[in-house]
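Chemist: Here it is: the structure, laid out below.
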Amino acid sequence: MSYSQDLIPPRPAPPVAHTRLNPARVLGIALLLIWAALGLGLLAMMITNWDQDKFVKYGPRLLDGLMTTLAIVAVSIVCGAVLSVPIAIGRMSKSRIANAITFAYVYVFRGTPLLAQVFMIYYGLGGFRDAFEQVDLWWFFRDAWYCGVLALSLNTAAYQAEILRGAIESVPRGQREGAASLGLSNSVTFWKIIVPQALIVALRPYGNEIILMVKASAILAIITVLDLMGQTRYAFSRTFDYQTYLWAAIFYLAIVETLRHVWAAIERYLTRHLKR
């Protein structure tokens, strides 16, 4: 048995590698400086062109539109989540009929523009007014708010169903086999073992979908919904001041950043047992 009697002498730290400027780095720095200059220019114009009277007159309308946007997104996400569960189950079903129907639903709503879907629901279903009046549903389809929520709910349900299906199928098969070896029923295995692991996988895609829905909700302003973008269009039509759109962009950016940080905190909390 041999062993070392002399320790390796201490060595100085390696020298810091100095990266040289290359064309790509110079271009990147130039673009950052240009964006910074544009941002400072917009900020300077907003300060110099500030109009207190317009802010007092149209500020409450923008806040009301902000609340409407948050309500639309919240209702659409919840309704879409409820609808996505049977769709995801149908996508994973061994029944060809259920699989074909749910696949067609997902294919149509993910493959067509959201704007076209909103127009088809708000304007297209209006052609069936007599039928809706007979079943006392015209009050729903004549209101732009309800039609917008319906369109967003159907659209996000297709995306959420695919997120849920992919997350469930990402759970290793060994989890099911281990549960079966313990004598657990299929329902207990699905709800107590598979779904909790799948939701952790689907957490970040769900957050991205909510953020996309916040931005997509601006489309509803086209069908006269007075959400944040709708109130912004109204204010601009009265003042012709471009700053109304800048304030709308700031509001949307604030919503997205808030959601991003909240969702990151939720993800850190739910995955704390996975970190070492």
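Chemist: How much accessible area per residue does region 119-236 have, in Å², with a 1.4 Å probe? Mind showing how you got there, number by number?
Modeler: On the way: 6170 Å² over 118 residues.
Averaged over the residues of region 119-236, the accessible area is 52 Å².
Chemist: Where Lys and Arg each count +1 and Asp and Glu each count -1, what net charge lies around residue 214 among other residues with Cβ under 12 Å from its Cβ?
Modeler: On the way: positive: 215, 260; negative: 209, 227, 257.
The answer is -1.
Chemist: How are the Cα pair distances of the chain distributed, in percent, across 10 Å bins from 0?
Modeler: Using 10 Å bins, I get a P(r) of 6, 18, 23, 20, 16, 10, 4, 2, 1, 0 for the chain.
Chemist: Summarise the accessible area of the chain (1.4 Å probe, protein heavy atoms) by the percent that is carbon and sulfur. If you can, show how the numbers build up before the last one.
Modeler: On the way: 12510 of 18460 Å².
Result for the chain: 68 percent of the exposed heavy-atom area is carbon or sulfur.
Chemist: A further question follows. Would you mind counting up the charge near residue 246? Only other residues with Cβ under 13 Å from its Cβ, with Lys and Arg at +1 and Asp and Glu at -1.
Modeler: On the way: positive: 54; negative: 51, 241.
Net of charged neighbours comes to -1.
Chemist: If the elastic network links every pair of Cα atoms under 10 Å, which of 125, 27, 253 fluctuates the most in the Gaussian network model of the chain?
Modeler: 27
Chemist: Using just the helices of the chain, give the 222 nm mean residue ellipticity in deg cm²/dmol: DSSP H runs with n ≥ 4 each add -39,500 (n - 2.57), and the total is spread over all residues, rounded to 500.
Modeler: -24500 deg cm²/dmol
Chemist: Using DSSP H assignments, which helices in the chain have an axial alpha-carbon span of 24 Å or above and a mean Kyte-Doolittle hydropathy of 0.5 or higher?
Modeler: 23-48, 52-92, 144-170, 195-216, 243-270
Chemist: Can you compute the FRET efficiency between residue 197 and residue 67 using 1/(1 + (r/R0)^6), with r the Cβ-Cβ distance and R0 = 30 Å? Round to the nearest 0.05.
Modeler: On the way: r = 36 Å, r/R0 = 1.21.
Given R0 = 30 Å and the Cβ-Cβ separation, E is 0.25.
Chemist: At R0 = 30 Å, how high is the FRET efficiency between residue 99 and residue 173 if r is their beta carbon distance? Nearest 0.05 is fine.
Modeler: Working: r = 20 Å, r/R0 = 0.66.
Rounded to the nearest 0.05, the efficiency is 0.90.
Chemist: Further, regarding this structure: Grab the other residues whose beta carbon is less than 13 angstrom from that of residue 186, score K and R as +1, D and E as -1, and report the net. Show your work: numbers first, answer last.
Modeler: Numbers: positive: 176, 192; negative: 177.
Once positives and negatives cancel, what remains is +1.
Chemist: Rounded, prolate or oblate: pick one for region 184-245, where a ≥ b ≥ c are the square roots of the eigenvalues of its C-alpha gyration tensor, a/c under 1.5 means rounded, and failing that, prolate if a/b is larger than b/c, else oblate. Present the calculation step by step, with values, prior to reporting the outcome.
Modeler: Working: a/c = 7.71, a/b = 3.92, b/c = 1.97.
Prolate.
Chemist: Still on this structure, please answer the following. By average Cβ neighbour count within 10 Å, what is the ranking of 42-51, 97-106 from highest down? If you can, show how the numbers build up before the last one.
Modeler: Values: 42-51: 11.0, 97-106: 15.0.
Highest-to-lowest ranking by the protection proxy: 97-106, 42-51.
The values are calculated or read from the model by the stated rules, or taken from the named source; none is laboratory data. Please read these numbers as outputs of a predicted model, since none were measured by experiment. Cβ: placed from backbone, ideal geometry, glycine included. Neighbour counts: every protein chain shown. Ligands, DNA and RNA are stripped out before the accessible areas are found, and what is left, the full protein with its side chains, is counted by its heavy atoms. Shrake-Rupley method; radii C 1.70, N 1.55, O 1.52, S 1.80 Å.
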